[in-house]
Amino acid sequence: FLTPWEPIWLEDELTKNAYRRRLRRYSRDSRDGVGYAFFIFRNDDDCLLGGITLSNVRRGVMQSCAVGYWMGQQYAGQGMMQDAVKTSFSFVFDELGLHRLEAACLPNNEASTTVLLKTGFQKEGYARKYLRINGQWSDHLLFAILKTDCRDNS
C-alpha cells in the first residue's frame, strides 16, 4: 500500500529492534529540537492508525520544518490524516514558534495532495528528482503553510 510513496525499507525495518532504534532516534531528535514524531491512535482501543513526523527543524532566519505522514491502508481516506495534520499546526506554530511548515509529495499521490490542500497548504512548486522513492529519484510537488495562513483561516 505505501510502497509507491516510500523509500526502500531495510530488510529488518519492521522488527522490534528496528522500532527500538527508530524510537531512540525520535527521542534524540526531539531532545535536540531537530525533529518530532507523533503516532495516531484510535481512541476506543489504542490501535495504531498512522503517524506524523516533523523533521529538519530550522531556526535562525528560516523558522521552519517539514511534515511527513503515513496512514495504515484500512484507515486511509476517512479524514483522520487531515485532522492529525491540522492538529500539528498548534505544535508547530505555537509551541515551537515556527513560521513555516513545508511538505512534499509525488505528483501522482492524490491522497497526499488532497490532505495538504484541504488543510490549507499552498502549492509552491515542483522539484525534479527531489527524493529517492521506491528505489528511484522522483519528482515532487512542494507545498507550504505559514503561521499567518492558519490565523487567516481560523
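Given (1) surrounded by fewer than 13 Cβ atoms within 10 Å (Cβ to Cβ); (2) in a helix (DSSP H, G or I), identify the lone condition not met by Gln78.
Unmet for Gln78, out of (1) surrounded by fewer than 13 Cβ atoms within 10 Å (Cβ to Cβ); (2) in a helix (DSSP H, G or I): (2).
Search segment 109-136 for residues being assigned to a loop (DSSP other than H, G, I, E, B) and polar (S, T, N, Q), and hand back the single one that is modelled with the highest pLDDT. Break it down into steps so the answer makes sense when it comes.
Looking only at segment 109-136, we keep the residues that are assigned to a loop (DSSP other than H, G, I, E, B), and these are 109, 119-121, 134-135.
Among the residues that remain, those that are also polar (S, T, N, Q) are: 109, 119, 134.
Values: Asn109: 92, Thr119: 97, Asn134: 83.
Among residues in segment 109-136 that are assigned to a loop (DSSP other than H, G, I, E, B) and polar (S, T, N, Q), the one modelled with the highest pLDDT is Thr119.
Could you grab me the full set of residues in segment 54-67 that are surrounded by fewer than 17 Cβ atoms within 10 Å (Cβ to Cβ) and assigned to a strand (DSSP E or B)? I'd like the intermediate steps shown before the answer.
Keep residues of segment 54-67 that are surrounded by fewer than 17 Cβ atoms within 10 Å (Cβ to Cβ), which gives 55-56, 58-63.
Ser55, Asn56, Arg58 - these are the residues of segment 54-67 that are surrounded by fewer than 17 Cβ atoms within 10 Å (Cβ to Cβ) and assigned to a strand (DSSP E or B).
Just to verify a result, which residue in segment 99-117, among those that are closer than 14 Å to Ala76 by Cβ and without any contact (Cβ under 8 Å) to a residue 60 or more places away in the chain, is farthest from the chain's Cα centre (by Cα)?
Restricting to residues being closer than 14 Å to Ala76 by Cβ and without any contact (Cβ under 8 Å) to a residue 60 or more places away in the chain, the top hit is Glu110.
Go through Asp83, Asp94 for me and flag whichever is acidic (Asp, Glu), exposed (fewer than 15 other Cβ atoms within 10 Å of the Cβ), within 14 Å of the chain's Cα centre (by Cα) and in a helix (DSSP H, G or I).
On the way: Asp94 fails: within 14 Å of the chain's Cα centre (by Cα).
That would be Asp83, the only listed residue that is acidic (Asp, Glu), exposed (fewer than 15 other Cβ atoms within 10 Å of the Cβ), within 14 Å of the chain's Cα centre (by Cα) and in a helix (DSSP H, G or I).
Could you give me the residue pairs with C-beta distances under 7 Å whose first residue belongs to segment 59-71 and is aromatic (Phe, Trp, Tyr), whose second residue is surrounded by 16 or more Cβ atoms within 10 Å (Cβ to Cβ) and part of a strand (DSSP E or B) wherever it lies, and which are 6+ apart or on separate chains?
Once the first residue is aromatic (Phe, Trp, Tyr) and sits in segment 59-71, its partners that are surrounded by 16 or more Cβ atoms within 10 Å (Cβ to Cβ) and part of a strand (DSSP E or B) give Tyr69/Gly50; Tyr69/Gly51; Tyr69/Ile52; Trp70/Gly50; Trp70/Gly51.
Can you tell which of Thr119, Thr113, Thr148 is among the β-branched types (Val, Ile, Thr) and more than 14 Å from Val67 (Cα to Cα)?
On the way: Thr119 fails: more than 14 Å from Val67 (Cα to Cα); Thr113 fails: more than 14 Å from Val67 (Cα to Cα).
Answer to the check: Thr148.
Restricting the search to segment 17-50, which residues are at pLDDT below 90, surrounded by 11 or more Cβ atoms within 10 Å (Cβ to Cβ) and over 24 Å from Ala76 (Cβ atoms)?
Selection gives Arg21 alone.
The values are calculated or read from the model by the stated rules, or taken from the named source; none is laboratory data. Bear in mind that the values here come from a model prediction, so they are computed numbers and not experimental data. Methodologically, a virtual Cβ is constructed for each residue, glycine included, from the backbone with ideal geometry; neighbour enumeration extends over all protein chains shown.
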